[in-house]
Amino acid sequence: MRKTILSGTLALCACAVASPALAEMELSIYSGWQTSPHSRIYGDYPGTGAEIDALIGWEGRSFEMPPYYGVRGTWWKTETLGFGLEFTHAKVYAPDDEKAAIGFSDLEFTDGLNIITVNAYQRWPGLWAEGSITPYVGGGVGIAVPHVDVDTTTGIEEYGFQYTGPAARVSAGVSYDLNDRFAVFGEYQFTYSSNSVDLPEGGSLETDIKTNALNVGLTLKF
């Protein structure tokens with residue numbers, strides 16, 4: 001009986017020691033090509049209270065300064081299940097003719113449309129190309145903290161960071177191990193953010209912004 005208990009205890013201890021070894025930490029950075037489809041903006045024009053209602057064909061301009069980029073940390077609890085925190089510095093510009101038509105000289109989130117989410121991931125290690133390529137999917141929820149850059153043609157300006165509402169993201173991609181410490185990856189990523197912006201002199205803007213991005217990046221494993 002004692003031998004059975006001792007054997008069971010040793011087995012549990014071995015599992016407890018072995019389990020942390022399954023955990024893997026990763027730090028990833030990426031950039032790429034980010035776009036944003038049309039969305040409608042609503043609100044009150046600063047200083048006058050006139051109603052704003054317009055369809056804006058946002059431009060991403062990924063490679064103009066400041067560039068589009070993202071950073072994420074991932075903890076792989078098991079070989080296939082992971083959790084993480086991700087920050088994306090996306091950006092959107094209203095085209096010149098569209099912003100001028102509703103009385104703005106600047107209308108953009110370009111320092112940036114900052115999305116912060118807590119994510120969960122599923123991966124399939126070495127599934128393709130004889131074990132060298134790992135596909136994965138992920139998604140999460142969080143907040144939008146854009147840098148609001150708005151100027152009216154009447155000289156009213158808002159320039160600064162604001163918490164504007166909830167956000168979410170979905171990603172799908174593949175990773176390729178260069179060695180035990182480094183990997184490269186490519187992915188598609190979609191983000192959604194609901195933005196309610198306060199403007200001076202009683203003004204406001206509300207819009208739901210979606211982004212589509214093709215990312216390439218580098219991962220460091222710990």
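For the reader, a short list of remarks on this structure follows.
- Any pair with Cβ under 8 angstrom, 6 or more apart, that starts in region 64-76 at a residue that is within 14 Å of GLU86 (Cα to Cα) and ends at one that is β-branched (Val, Ile, Thr) and exposed (fewer than 14 other Cβ atoms within 10 Å of the Cβ): TYR69/ILE29; GLY70/ILE29; VAL71/ILE29
- For region 164-222, a residue qualifies if it is of a type in the set (Phe, Trp, Tyr) and either touching a Pro at 6+ places or on another chain (Cβ under 9 Å) or open to solvent by less than 50 Å² (accessible area, probe 1.4 Å) (or both), and the qualifying residues are PHE185, TYR192.
- The set of residues in region 38-52 being over 15 Å from ASP198 (Cα atoms) and open to solvent by 80 Å² or more (accessible area, probe 1.4 Å) consists of HIS38, ARG40.
- Within region 176-192, residues that are without any contact (Cβ under 8 Å) to a residue 40 or more places away in the chain have Cβ atoms under 9 Å from residues that are loosely packed, with under 14 Cβ neighbours inside 10 Å and not in a strand (DSSP E or B) in these pairs: VAL184/LEU178, counting only partners at least 6 apart in sequence or on another chain.
- GLU130 meets the conditions (1) loosely packed, with under 14 Cβ neighbours inside 10 Å; (2) among the charged types (D, E, K, R); (3) at positive phi; (4) under 23 Å from the mean Cα position of the chain (by Cα) in every case but one. The failed one is (4).
- Within region 87-127, being open to solvent by less than 30 Å² (accessible area, probe 1.4 Å), aromatic (Phe, Trp, Tyr) and either more than 17 Å from GLU206 (Cα to Cα) or free of Cβ contacts under 8 Å to residues at least 24 places away in the same chain (or both) holds for one residue alone: TYR121.
- Every residue from region 133-163 that is open to solvent by 70 Å² or more (accessible area, probe 1.4 Å) and touching a His at 6+ places or on another chain (Cβ under 9 Å): TYR159, PHE161
- Filtered by the rule that a residue be among the aliphatic types (A, V, I, L, M) and within 22 Å of VAL184 (Cβ to Cβ), region 50-80 gives a lone residue, VAL71.
The values are calculated or read from the model by the stated rules, or taken from the named source; none is laboratory data. Worth saying up front: this structure is predicted, and the values here are computed from it rather than measured. No Cβ is skipped: glycine too gets one built from the backbone with ideal geometry, and neighbour counts run over all protein chains shown. The protein model used for the area step is the full one, side chains on, heavy atoms only, and it has no ligands, DNA or RNA in it. Shrake-Rupley method; radii C 1.70, N 1.55, O 1.52, S 1.80 Å.
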